[in-house]
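Take a look at the structure set out below.
Throughout, read-outs are computed from the coordinates displayed, never taken from laboratory work. Just so it is clear, the structure is predicted and the values come from calculations on it, not from any experiment. For neighbour counting, all protein chains shown are included, and Cβ atoms are generated from backbone atoms with ideal geometry for every residue, glycine included.
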């Protein structure tokens, strides 16, 4: 699921400043990904330059992400996971459990904030609530996602894998190639995410269930 602001670089590098600081809880959530990524990189004895070559992401973006200075978007995280030879879930979780993972009501994993339509990539516009935290060797990533409206013209981007979306409340629009799909509560869509696409809310916030598959 691509969440880049139009005009923001695809690799997620910082592109300016914002006058809206991250709140403390958001900063705490964001900082979980950076240290995990740095630990995995150092365990493999990769330099930042090496990871940049293997992932196709810029060294500036990797440095800023490890330092917790920007809000990631999903597309570069998927490329970084592949560059490190791990699944996306390894970047999202610090512990893994074998066997079934049961998540009770109100016990979703820690929120992961994505930059969405913020050009500086320092403000979250999509809030991902993981529904399979710590599940080892998982091939799918299920989330509850709070979706906010797009700000101005949007840029379509792509990544390997597939996505299933089910709208729980509000209205969302999926720009997919040359097509546009508008969904309301109870509607769903399944698509190949290698086709350029963009997901955003219409007329206020929305919430949806999303299942993302990305090959390791």
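Some notes on this structure:
- Point-to-point label distance, residue 45-residue 202, nm (Cα→Cβ direction, 7 Å offset): 5.5 nm
- Computed label-point distance, nm, for sites residue 102 and residue 139 using a 7 Å Cα→Cβ extension: 2.5 nm
- Cα-Cα separations in region 160-201 greater than 15 Å, expressed as whole percent: 34 percent
- Burial ranking of peptide ranges 198-206, 35-43 (average Cβ count within 10 Å, highest at the top): 198-206, 35-43
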